[in-house]
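Student: Below are the structure tokens for one structure; questions will follow.
Read-outs throughout are calculated quantities, based only on the coordinates presented, and are distinct from any laboratory measurement. Since the structure is predicted, the reported quantities are computational estimates derived from the model, not experimental observations. For neighbour counting, all protein chains shown are included, and Cβ atoms are generated from backbone atoms with ideal geometry for every residue, glycine included.
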Amino acid sequence: KKPIIYLIGARGAGKTTLGKPLSHALLYDFIDTDARVTQQCQMSIAELVERSGWDCFRELESDVLRQVSQPQHLVSTGGGIVMAPENRAFMQSTGWVVYLRATAEVLAERLSHTPQAHQRPSLTGKCIVGEMAEVLQKREPLYLECADIVVDATRPIPELIDHICNRIHTAA
Ligand code: ADP
Ligand code: MG
């Protein structure tokens, strides 16, 4: 596979927290698709969704995914990127896809501690554990289908880095 890594998983799974040091370990550039969308449309994702809807956000996100898919890039993706079959196929064919797997309880617990870092319009209007459970029920099969490597998102970051680097280097 080409030297591109995609981190997938729900909000709060640790894509940013793991992605930054993992990109350093591999000497890759770290890219966050949400940050790129925000940069390109000059507004927060909450604002964008409120003004133009989720479909508009998903379209911009898909465009950004294709722009940033360059060798030696580590791409931290939005939690819903796997909803589009084209995005799953694209990531699969262009790089390594790493799924950071966590339960709804773990995700909800993490998000409750960092609300400001995860400001997003609620997808369902439910309490946070219920919302994450519902989101995972829809997306978990897609994350698993798309992933080359599945990791337990509750393991310490240095262990995750070792594990992923080993998997990629032994396969290369
Ligand atoms: P994402 O980018 O996937 O939305 P973040 O990287 O922002 O998730 O992480 C969400 C929260 O979970 C942060 O507070 C972070 O410190 C914590 N976290 C992430 N990964 C781990 C981990 N492996 N162990 C413990 N806490 C973690
Ligand atoms: Mg993030």
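Student: Using the charge dipole of the chain (Lys, Arg: +1 at Cβ; Asp, Glu: -1 at Cβ; taken about the Cα centre), state which of Gly19, Leu142, Gln42 has its Cα farthest towards the positive end.
Tutor: Gly19
Student: How do Tyr143, Tyr28 line up, fewest other C-beta atoms within 10 Å first?
Tutor: Tyr28, Tyr143
Student: Whose amide H sits under 5 Å from the amide H of Asp32, counting only residues 5 or more places off or on another chain, with H placed in the peptide plane?
Tutor: Distant-sequence amide H within range of Asp32: Ser76.
Student: For the range 100-110, in order, what is each residue's ³J(HN,Hα) by Karplus, 6.51 cos²θ - 1.76 cosθ + 1.60 with θ = phi - 60°, in whole Hz (x at glycine and Pro)?
Tutor: My calculation for the range 100-110 gives 8, 9, 8, 6, 4, 5, 4, 4, 5, 4, 5 Hz in order.
Student: Each label point is 7 Å from the Cα along the Cα-to-Cβ direction; what then is the distance between the points at Asn166 and Asp55, in nm?
Tutor: Computed distance between label sites Asn166 and Asp55 equals 4.7 nm.
Student: Which of Leu27, Leu22, Leu7 has the fewest other C-beta atoms within 10 Å, and how do the rest follow up to the most? Before the final figure, lay out the partial values.
Tutor: Details: Leu27 8, Leu22 22, Leu7 25.
If I rank by nearby Cβ atoms, fewest first, I get Leu27, Leu22, Leu7.
Student: Give me, ordered by chain and number, the residues 5 or more places off Ile8 or on other chains with an amide H under 5 Å from its own placed amide H.
Tutor: Val98, Tyr99, Leu100
Student: Only Cα pairs under 8 Å and at least 6 apart count here; give the relative contact order of the chain as a rounded whole percent. Walk me through the intermediate numbers first.
Tutor: On the way: 240 pairs, mean separation 58.6, N = 172.
Rounded, it is 34 percent for the chain.
Student: Using Cβ contacts closer than 10 Å as the measure, can you line up Met132, Met43, Met91 from fewest to most?
Tutor: Working: Met132 27, Met43 15, Met91 24.
Fewest to most other Cβ atoms nearby, the residues stand as Met43, Met91, Met132.
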